[in-house]
1. Send over a whole-number figure in Å² for the accessible area per residue of region 193-262, probe 1.4 Å.
2. Where the Cα atoms of region 193-262 are projected onto their three principal axes, how long is each span, largest first, in whole Å?
3. Taking the Cα centroid of region 227-256 and of region 141-163, what is the distance between the two, rounded to the nearest whole Å?
4. Mind giving me the nanometre distance, one decimal, between the label points for Ile127 and Leu139, set 7 Å out from Cα along Cα→Cβ?
5. Ordered by residue, what ³J(HN,Hα) values in Hz, to whole numbers, does region 109-119 give under the Karplus form 6.51 cos²θ - 1.76 cosθ + 1.60, where θ = phi - 60° and Gly and Pro are x?
6. Mind listing the long-range amide H neighbours of Val372? Cut-off is under 5 Å, sequence gap 5 or more, other chains count too, H placed in the peptide plane at 1.01 Å from N.
7. In the set (i) 23.0, 75; (ii) 24.2, 80; (iii) 20.5, 66, which value of Rg and Dmax of the Cα atoms in Å was calculated from the structure you see?
8. Check Leu233: other-chain or 5+ apart residues with amide H under 5 Å from its amide H, H built from backbone geometry?
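The values are calculated or read from the model by the stated rules, or taken from the named source; none is laboratory data. Just so it is clear, the model here is predicted, and its values are computed rather than measured. Here the Cβ positions follow ideal geometry from the backbone for every residue, glycine too, while neighbour counts run over all protein chains shown. With ligands, DNA and RNA removed, areas are computed over all heavy atoms of the protein, side chains included. Shrake-Rupley method; radii C 1.70, N 1.55, O 1.52, S 1.80 Å.
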Amino acid sequence: MSVKIDETLTVECETGNYHTFCPISCVSWLYQKIEDSFFLVVGTKTCGYFLQNALGVMIFAEPRYAMAELEEGDISAQLNDYEGLKKLCIRIRKDRDPSVIIWIGTCTTEIIKMDLEGMAPKLEWEIGIPILVARANGLDYAFTQGEDTVLAAMAHRCPETELSVHERKETIHNFLTSRKKEELVEYAIHPSLVLFGSLPSSVASQLNLELKRQSVKVSGWLPAQKYKDLPSLGDEVYVCGVHPFLSRTATTLIRREKCQLIGAPFPIGPDGTRAWIEKICAVFGVQPQGLEEREEQIWASLKDYLDLLHGKSVFFTGDNLLEASLARFLIRCGMIVHEIGIPYMDKRYQAAELSLLRDTCIKMCVPIPRIVEKPDNSNQIRRIRE
């Protein structure tokens, strides 16, 4: 007996609040990723309490972040914000000597219209350290979007490419012909590829290695381990994201830096990673090798976990913008997803992911879940009970 599956994917929108962690928590992984950075969060004592509890880093560990606390006088616009931030940044330069200071704006800076973008260039010139401004307030952004605003700001500081594609091909050709015959053909000749999104170094190295197996060379990452090692960008550079929540960064790279975006599913799960690599290879005209076998090996190693998940169901209430990718992966694991609640959905940036979600549901013979942006908790609880 065959069952007809509805093959349409619908995205609805409700009017709920962002029921999510505060986006200033992006500091917790970014300050560790960018090793020569310092993050200065400009906000109230509440922001400080949140950071201390969410990050769980004791003060004697000397983490590379701090709070610039706004007092009542600051909030009523009676004190000099510029002088206060200047003193803090001079102290940071003296104590930590970072390559970049990143100001994180909070809800309070938005409400009192604090001109961080106006103050940063002047102070940067005065103290001689690059200062970036990233808005990460909970009024406008969900949990993971704090990283998005930081990377979008950082993209403006990336150097421009120096070599054209033709010059780069000529350089690579001369390099290859000068090597011994047995060392030839490690990478295909293709334009520069920059990956964007913060990942642990071990995971980033693994993705570099997976692409290297397909003769695809990664020119750089945004963010880099060091601010001084930011990748070169320009109209002949291809970029590809590793996270679903980086739509602002993607837009900045396309519009301001004139890069070419590779619209791929995201490397979450063996299925997503395979599709991500295949799309990059397709753009560069490289025939992928052994990806199907690699994916099957990983699924086989996960068999004990898949047996536990098979037939169970999950309902996403919306928190971090990873929901569509996680739902697709769990459906492939044998689960049933009733609903995908998500704080915000950029349908253009996640188009390839949504297509893979639909194809996965058809392949696994399960209904395609409804996707609800900005879900209302009360409505979701009612639907969960139903």
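1. Roughly 41 Å² per residue, with all protein chains present.
2. Taking max minus min along each principal axis of the Cα atoms, region 193-262 gives 30, 26, 23 Å.
3. 7
4. 2.5
5. 5, 6, 5, 8, 6, 6, 8, 5, 5, x, 7
6. Glu12, Ile340, Gly341, Ile342
7. (i)
8. Glu160, Thr161
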